[in-house]
Amino acid sequence: MALNLSQSEENYLKSIYRLSEIENVPVATNSIAEDVDTKASSVTEMIKRLAKKELLTYEKYKGSILTRSGISHAINIIRKHRLWETFLVDKLKFSWDEVHEIAEQLEHIQSSKLTNRLSEFLDHPDYDPHGDPIPNEKGEFPKSIQTSKLFELQEGETGTVHHIGIDSPSFLKFLTKHAIQIGSAITCIAKYDFDQSMYVKIDGEFEMSLSKKVSKNIIVK
């Protein structure tokens with residue numbers, strides 16, 4: 001029998017899945033609280049609910065780990081979110097900094113038929129507008145490729161933007177303003193020890209300085 005999950009429960013599953021990818025360890029309650037912007041006590045109550053539904057296991061002082069069922073649900077939510085972002089950008093011509101919050105609402109639609117039709121309509125894309133991989137109907141992600149942070153490039157090296165590390169609208173607007181997008185070729189001209197910024201050339205056309213915070217959130221191949 002399919003579980004009937006609330007939007008809040010789905011958001012927690014997605015959060016725990018994402019944090020577990022980053023940390024690769026059981027996810028601490030405080031980390032979840034910070035990610036979903038709530039109190040630790042509220043997270044504790046939600047963890048109990050999700051554990052009761054066998055979507056995660058929790059060990060005191062260690063944290064939460066999603067079960068196989070929890071992972072499956074989380075991946076399904078991520079699939080819907082990224083397909084909707086792709087639809088909004090490619091078909092409705094939203095800019096990439098506008099779509100996250102809209103997709104946050106659409107990802108909770110429960111119809112698997114709609115999700116699969118949407119994927120078919122979009123010709124089964126592998127990546128969303130921010131370069132994040134889209135799992136298929138079986139929950140399988142595209143084959144991973146070798147990437148690195150722009151920050152890691154050495155002087156004289158060039159990387160092609162593969163995806164963006166954070167989906168902050170203000171960050172995406174910054175990138176748009178400077179003509180940085182998925183597929184842009186960025187060459188490291190110089191790196192500075194003083195503030196760990198780097199001077200780059202974008203698509204062989206113009207040059208600019210990027211802060212460490214910016215260059216650490218641009219992922220290149």
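Laid out as a table, the results:
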item: Amide H within-cut-off set for residue 134, under 5 Å, with H built and near neighbours excluded; result: 127, 128
item: Distance (nanometres) between label positions extended 7 Å along Cα→Cβ at residue 122 and residue 212; result: 3.5
item: Percent RCO, i.e. relative contact order, over segment 148-220, from Cα pairs under 8 Å lying at least 6 residues apart; result: 42
item: For the chain, calculated [θ]222 nm from helices alone, where every DSSP H run of n ≥ 4 adds -39500 (n - 2.57); result: -13000 deg cm²/dmol
item: Crossing angle, helix 40-52 versus the chain [Cα axis fit, 0-90 degrees, rounded to tens]; result: 60
item: Which of 104, 85 is most accessible, then next, and so on - probe 1.4 Å; result: 104, 85
item: Stretch gain in nm, segment residue 146-residue 42, where the contour uses 0.36 nm per residue and the Cα spacing is subtracted; result: 33.6 nm
item: Percent accessible area from carbon and sulfur atoms, the chain, protein chains only, probe 1.4 Å; result: 50
item: Members of 60/191; 143/173; 80/149 lying beyond 32 Å, as alpha-carbon distances in this model show; result: 60/191
item: Where the chain is the region considered: accessible area per residue in Å², 1.4 Å probe; result: 59
item: Size of charge dipole - segment 7-66 - debye, nearest 20, with Cβ of Lys, Arg +1 and Asp, Glu -1, no other charges; result: 260
item: Degrees between helix 112-121 axis and first principal axis of the chain (Cα, 0 to 90, nearest 10); result: 20
item: Cβ crowding within 10 Å averaged over residues, with 13-21, 93-101 ranked highest first; result: 13-21, 93-101
item: Local net charge near residue 200, Cβ-Cβ under 12 Å (Lys/Arg +1, Asp/Glu -1); result: -3
item: Residues residue 166 and residue 113, FRET efficiency given R0 of 30 Å [Cβ-Cβ distance, rounded to 0.05]; result: 0.40
item: Centre separation in Å (Cα based) which lies between segment 39-65 and segment 96-162; result: 28
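The values are calculated or read from the model by the stated rules, or taken from the named source; none is laboratory data. For clarity, every value in this text was computed on a predicted model and none was experimentally measured. Here Cβ is always computed from backbone atoms with ideal geometry, including for glycine, and neighbour counts include all displayed protein chains. Ligands, DNA and RNA are stripped out before the accessible areas are found, and what is left, the full protein with its side chains, is counted by its heavy atoms. Shrake-Rupley method; radii C 1.70, N 1.55, O 1.52, S 1.80 Å.
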